[in-house]
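Have a look at the structure below before the remarks.
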Amino acid sequence: MNTFVYKFDRLYMKIRLLTLGMLLAGTFSVAQNKPVQVTIEGTVPGVTSGYVYLQKFQEKLFFPVDSAKVENGKFQLRSAVQQPELYGLTVDQKKAPLFLFVQNASAIHVVLDTASYYKNSRITGSEAQAVFDKYRQSSNVKIDEFIKENPASIVSAYVLYRNYAYRLTPDQIRQNIAQLDPSLHGTQYVGTLEKLIVTMDKVAIGKPAIDFTANDTEGKPVKLSDHYGKYLLIDFWAAWCGPCRKENPNLVKAYHKYKDKGFDVFGVSLDRTKEAWLKAIAKDELTWTQVSDLKYWHSEPAALYGVRAIPANFLLSPDGKIVGKNLTGEELHKKLEELLGEGAAKATKSSK
């Protein structure tokens, strides 16, 4: 790559960093996250040329913010980055990067092992990275205990946000946030969790469903509330989601068993391309209504319902109230049998 292209690439990365910084400033109050000059240097075994890209993590996605040329298997980045934060390092922006936590660091050394897809990479110089490595090596981690041991580490805020939020109740999330050091309360992770708590309260069992409109497979707008009148399962899924595809046969079975008794499904895809979405619908034989805005994790319906992991679902009563959440496997069949099975029908007749 010639000098002009290299300089253009660096300029492009700096523009992306400036743009991302402006977006973050408008989304979160992160007064303590002022840019700090950090040197990230290292080796890329087996790679003699190309580029190493530094990426910033934001809402489950990584965005490029800087790059460095690899020369004789070595690279050096001198970047103004926000601390504490999660970044990624990669030589291929189409693949998942190596996670790099920056906290209390002015110099970080990395061995970027591409042969093992970064599995055997090593990072030194960051306090937060050491905490993260310890977390990954542990099993059956209890988030409240982990936070108590590392209250001021950005890793605690990230792990709570990324790996536990979808498992906890709003009160449990509040309790865990309260255990975090105040210095972390302005980070994007805590900011997202605080907004999530508000959303989770709105979509709790017993609350009326939040209505929305999205395009179906033919590009026609479809309104959720137009499908009220039966027990309706809002199913959040995606073609790229392994657990979703594994659950689909169970959902198909439940649909065919109960569809004539007052049950319907309203699929909401978090896909990125229409082609993949339609292919998965056909292959998995999903014959109910499907909608998507094709915005991946930025799906607007998913945001309305606080969906942080998929598969996820909400079961609505005929009048549009939430009566169940995240029902899969046998649990879904038991709930539908309770509501629509022979026992439920007999109970209804006897009450008349």
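A few remarks follow.
- Take the conditions (1) at pLDDT below 95; (2) in contact with a helix residue (DSSP H, G or I) (Cβ under 8 Å, 6 or more places away or on another chain); (3) surrounded by 15 or more Cβ atoms within 10 Å (Cβ to Cβ); Thr169 misses just one of them, which is (3).
- Look at the range 94-108: where a residue is within 13 Å of Glu41 (Cα to Cα) and a partner is charged (D, E, K, R), sitting 6+ places away or on another chain with Cβ atoms under 8 Å, you get Ala105/Glu127; Ala107/Glu41; Ile108/Glu41.
- Flag if Arg272 is assigned to a helix (DSSP H, G or I), surrounded by 16 or more Cβ atoms within 10 Å (Cβ to Cβ), at pLDDT 95 or above and of a type in the set (Lys, Arg): no
- Scan the range 91-112 for residues that are of a type in the set (Val, Ile, Thr) and either assigned to a loop (DSSP other than H, G, I, E, B) or at positive phi (or both) and the total you get is 1.
- Checking Val102 against (1) in contact with an Asp or Glu (Cβ under 8 Å, 6 or more places away or on another chain); (2) over 27 Å from Tyr53 (Cβ atoms); (3) of a type outside the set (S, T, N, Q), the condition it does not meet: (2)
- Just one of the listed residues (Tyr189, Tyr158, Tyr135) is aromatic (Phe, Trp, Tyr), touching a residue at least 60 places away in the same chain (Cβ under 8 Å) and either surrounded by fewer than 18 Cβ atoms within 10 Å (Cβ to Cβ) or over 21 Å from Asn326 (Cβ atoms) (or both), namely Tyr158.
- Positions within the range 275-302 being crowded, with 17+ Cβ neighbours inside 10 Å and either within 18 Å of the chain's Cα centre (by Cα) or within 22 Å of Tyr228 (Cα to Cα) (or both), in sequence order: Leu286, Trp288, Thr289, Gln290, Val291, Ser292, Asp293, Tyr296, Ser299, Pro301, Ala302
- Considering residues of the range 24-33 that are surrounded by 11 or more Cβ atoms within 10 Å (Cβ to Cβ) and farther than 30 Å from Asp113 by Cα only, the residue modelled with the highest pLDDT: Gln32
- Being at pLDDT 95 or above, in a loop (DSSP other than H, G, I, E, B) and over 20 Å from the mean Cα position of the chain (by Cα) is a condition met by at least one residue of the range 229-248.
- Counted residues, the range 67-90 - those being in a loop (DSSP other than H, G, I, E, B), surrounded by fewer than 21 Cβ atoms within 10 Å (Cβ to Cβ) and of a type outside the set (A, V, I, L, M, F, W, C): 3
- Extreme residue, nearest to Lys259 (Cα to Cα), among residues of the range 275-292 that are of a type outside the set (Ser, Thr, Tyr) and free of Cβ contacts under 8 Å to residues at least 40 places away in the same chain: Trp288
- Positions within the range 149-178 being touching a Ser or Thr at 6+ places or on another chain (Cβ under 9 Å) and charged (D, E, K, R), in sequence order: Glu149
- Among the residues listed as Thr217, Thr192, the single one being in contact with a helix residue (DSSP H, G or I) (Cβ under 7 Å, 6 or more places away or on another chain) and assigned by TED's automatic domain parsing to the domain that holds Asn326: Thr217
- In the range 91-98 there is no residue matching the filter, namely being surrounded by 14 or more Cβ atoms within 10 Å (Cβ to Cβ) and among the charged types (D, E, K, R).
- Extreme residue, modelled with the lowest pLDDT, among residues of the range 34-66 that are surrounded by fewer than 20 Cβ atoms within 10 Å (Cβ to Cβ) and charged (D, E, K, R): Lys34
The values are calculated or read from the model by the stated rules, or taken from the named source; none is laboratory data. Values in this document were obtained by computation on a predicted structure and should not be read as measured data. Counting neighbours? That spans all protein chains shown, and the Cβs are built from the backbone with ideal geometry, glycine included.
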